[in-house]
């Protein structure tokens with residue numbers, strides 16, 4: 001009788017363990033439309049954030065709307081849309097998808113390749129395919145990466161904000177003035193480089209394409225190596241993340257992310 005009890009208990013444990021493993025391996029769908037301020041979800045190693053950092057006193061639903069719609073194919077097939085008042089008060093939002101850990105995050109995305117020290121970088125590229133609306137043009141679409149002297153130092157450790165503007169609208173304008181870009185050769189249309197040292201307690205450098213570059217590849221390692229050659233960044237700085245979003249100043253618009261792949265090691 002005792003041996004039968006032991007067998008029964010062991011059988012129950014095996015069934016429970018198998019059920020637990022099956023349950024833990026299930027992928028939880030995040031498909032849906034998210035319109036609350038700072039709605040944030042993770043899936044497939046990427047994160048979206050309904051980032052409305054510059055909303056000021058405006059109230060969601062009454063003064064503006066900002067939504068992110070995702071499918072089970074996330075980050076592909078993601079739609080980012082907004083409708084802000086038509087008065088220019090600076091950047092209102094940067095609704096985004098990203099990999100890594102932003103300086104303000106408590107934790108990064110799952111299986112992130114970041115942080116990586118620039119000197120240790122072997123590969124860092126971004127592949128994308130985007131489709132934007134033309135309902136208004138008070139926004140850009142841009143890649144962004146943060147550099148820091150300490151990967152766990154938070155905002156106080158930020159050394160550099162690097163942006164790649166894939167679409168430049170009527171607003172906003174890049175910070176600073178033209179930088180030297182003679183030796184920077186990238187895929188896509190011609191571009192200019194804007195630079196503002198000591199911008200907001202850290203340096204800011206942006207590649208701004210002269211015309212839309214909405215499908216292609218950006219070699220971020222090439223960009224950072226050129227900044228290092230010019231002395232704008234140090235090889236000892238850490239890459240914290242890679243983001244894709246729209247800096248919105250005013251008006252209504254949207255863009256759809258048909259494909260977005262970040263490769264870094």
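The values are calculated or read from the model by the stated rules, or taken from the named source; none is laboratory data. These figures come from a predicted structure and were not determined experimentally. Don't worry about glycine lacking a Cβ; one is built from the backbone with ideal geometry, like all the others, and counts go over all protein chains shown.
For (1) touching a helix residue (DSSP H, G or I) at 6+ places or on another chain (Cβ under 9 Å); (2) surrounded by fewer than 20 Cβ atoms within 10 Å (Cβ to Cβ), each residue gets a yes or a no:
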| site | (1), (2) |
| --- | --- |
| 168 | no, no |
| 174 | no, no |
| 178 | no, yes |
| 183 | yes, yes |
| 192 | no, yes |
| 199 | no, yes |
| 210 | no, yes |
| 214 | no, yes |
Q.
Quick check on my filter: what residues within the stretch 34-46 are touching a residue at least 40 places away in the same chain (Cβ under 8 Å) and either touching a strand residue (DSSP E or B) at 6+ places or on another chain (Cβ under 6 Å) or closer than 12 Å to residue 93 by Cα (or both)?
A. 46
**Q.** Index of the failed condition, residue 137 passing every other in (1) surrounded by 15 or more Cβ atoms within 10 Å (Cβ to Cβ); (2) at negative phi; (3) at pLDDT 95 or above
**A.** (3)
Q. Can you name every residue in the stretch 110-132 that is farther than 23 Å from residue 231 by Cβ and surrounded by 13 or more Cβ atoms within 10 Å (Cβ to Cβ)?
A. 112, 113, 114, 125, 126, 127, 128, 129, 130, 132
Q: Could you tell me whether residue 9 is surrounded by fewer than 17 Cβ atoms within 10 Å (Cβ to Cβ), under 24 Å from the mean Cα position of the chain (by Cα), at pLDDT below 95 and more than 29 Å from residue 252 (Cα to Cα)?
A: no
Q) Out of all the residues in the stretch 117-135, which are in a strand (DSSP E or B) and free of Cβ contacts under 8 Å to residues at least 12 places away in the same chain? A) none
